[in-house]
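What follows is a single structure, written as structure tokens, with notes after it.
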Amino acid sequence: MERVDVAVIGGGQAGLAAAHALRRQGLGPVVLEASDRPTGAWPRYYDSLRLFSPAGYSSLPGMPFSGDRDRYPHRDEVVAYLLRYADHLDADIRTGVRVREVRAATDGTFTLVLESGGELSARGVVAASGTFGRPRRPALPGLEDFVGTLLHAAEYRAPELFAGQRVVVVGAGNSAVQIAAELATHARVTLATRHPVRFAAQRTLGRDLHWWLKRTGVDALPLGRFLRTPPTQLVIDDGRYRAALAAGAPDRRQVFTAIDGAKVTWTDGGSEEVDTILLATGYHPDLGYLASLGALDDHGHPTHREGVSLTHPGLAYVGLEWQRSLSSNSLRGVGGDASRAARRLAGYVHRG
């Protein structure tokens, strides 16, 4: 069986940042990426996606985004950036390798069982597989009986396929509002939320929101340790989304109270036929390969403190939402979390 210092599961932004940080600690990481490229989920996001943060605040450690620092990079620019980053990263990156299970060995190491049937022994493991593979599908009244098209934002690409339809988008975050507004140019769309949408201005006094978050230190505050559940998300807006909602394209309503076939019933008692319900309701950590290890709680969430496992000292996490701070699962913040996790993991590996 091949033996390595640290196995990094996932080759997206979190895995690449982890590999960079581990190299700086004198370790030899092996990055295992299930897809054919070390770009994580970025190629599978919807076609019009742009970053909420400017290029100048959207880089991984050691390689800034090229070009105008104030622009908001498109999805495909992020993919190209991650490929360049991987090319310049002095690490063993293996694509097309999916980890099925991680087991604890009696000598304190880990055995990684691969989908291909092979195995790998590692003194340490970094779980950096993100969330895209495990969409959150909330239990909404009657949803299991809906006979129209039901999909998650992870499956959405472009609005043209929904032309002329009656569409309900469920969610109140950035993706929900962006997708609903885009769809409203081709379809009749309702944004269904439990609470009113809350906006944050993208620019204040001539500066992007992320300049203010960085300047004040709010972006890196270790708030994650105090949060039992993530706070209500703010929609970052340059004015267009607030205006779209005000114009009723999309309109906003409280989440439906019932579904009968294709008919949705609203809180005012009215009902109507709906073609598509799109759930923009976020994701759960995609960590099923750790289930037999006993590292997850009953909901499939890892037990950790700022990315360091509370059950296995040789296990760390990078890229979790609110792992440590507001920016933990973003390009701008994942590097700091990776550095902290790598330092703790290096101490464990070197002692072994």
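Work out the FRET efficiency for SER48 and ASP87 from their Cβ-Cβ distance, taking R0 = 22 Å, and round it to the nearest 0.05. Intermediate values should be presented prior to the final figure.
On the way: r = 27 Å, r/R0 = 1.22.
Here the calculated transfer efficiency is 0.25.
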Review point. Given the C-alpha centroids of the stretch 83-142 and the stretch 214-292, what is the distance between them in whole angstrom?
Key: 28
Check your understanding: Looking at GLY148, GLY117, LEU60, which one has the Cα that reaches farthest to the positive end of the dipole of the stretch 46-155 (charges on Cβ: Lys, Arg +1; Asp, Glu -1)?
Key -> LEU60
Exercise for review: Name all residues of the stretch 141-162 having a backbone nitrogen under 19 Å from the label point set 7 Å from the Cα of ARG253 along its Cα→Cβ direction, giving them as ranges.
Suggested key: 141-151
Check your understanding: Using Cα atoms only, what is the angle between the long axis of helix 75-88 and the major principal axis of the chain, expressed in degrees (0 to 90) to the nearest 10?
Key -> 0
Practice item. Please list ASP90, ASP268 in order of solvent-accessible area, largest first, computed with a 1.4 Å probe with all protein chains present. Key: ASP268, ASP90
Study note, to complete from the structure: Under a 1.4 Å probe, counting only protein heavy atoms, VAL8 has an accessible area in Å², nearest 10, of 0
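Over all distinct alpha-carbon pairs, what is the Kirkwood Rh of the stretch 58-213 in angstrom? If you can, show how the numbers build up before the last one.
Numbers: mean 1/r = 0.0491 Å⁻¹.
Hydrodynamic radius (Kirkwood, Cα pairs) of the stretch 58-213 is 20.4 Å.
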Exercise for review: Give, in nm to one decimal, the length gained when the segment between LEU143 and TYR72 is fully stretched (0.36 nm per residue of separation minus the Cα-Cα distance).
Suggested key: 22.0 nm
Exercise for review: With unit charges on the beta carbon (Lys/Arg positive, Asp/Glu negative), name the residue among ALA41, ALA181, ALA346 whose Cα is farthest towards the positive pole of the charge dipole of the chain.
Suggested key: ALA346
Revision key, fill the gap. Kirkwood Rh for the stretch 138-213 from C-alpha pairs, in Å, is 14.4
Point to revise | Qualifying trypsin sites (Lys or Arg not before Pro) for the stretch 66-158 [loop in DSSP, other Cβ within 10 Å: at most 15] | key: ARG69, ARG71, ARG98, ARG136, ARG157
Exercise for review: Give the angle, between 0 and 90 degrees and rounded to the nearest 10, that separates the Cα long axis of helix 13-24 from the longest principal axis of the Cα atoms of the chain.
Suggested key: 20
Practice item. Over the alpha-carbon set of the stretch 217-294, divide Rg by the Kirkwood Rh and report the Rg/Rh ratio to two decimals. Key: 1.10
Check your understanding: How large, in Å, is the stretch 203-352 by the Kirkwood hydrodynamic radius built from its alpha-carbon pairs?
Key -> 19.1
Practice item. Return the tail of the calculated pair distribution for the stretch 149-275, meaning the percent of Cα-Cα pairs more than 21 Å apart. Key: 49
Check your understanding: Could you give the nm distance between label points at MET63 and THR311, where each point is 7 Å from its Cα heading toward the beta carbon?
Key -> 3.4
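How big is the convex hull of the Cα atoms of the chain, per residue, in Å³?
145
The values are calculated or read from the model by the stated rules, or taken from the named source; none is laboratory data. These figures come from a predicted structure and were not determined experimentally. Glycine gets a Cβ as well: all are built from the backbone with ideal geometry, and neighbour counts include every protein chain shown. Quick note on the areas: whole protein, heavy atoms, side chains included, nothing else; ligands and nucleic acids left out. Shrake-Rupley method; radii C 1.70, N 1.55, O 1.52, S 1.80 Å.
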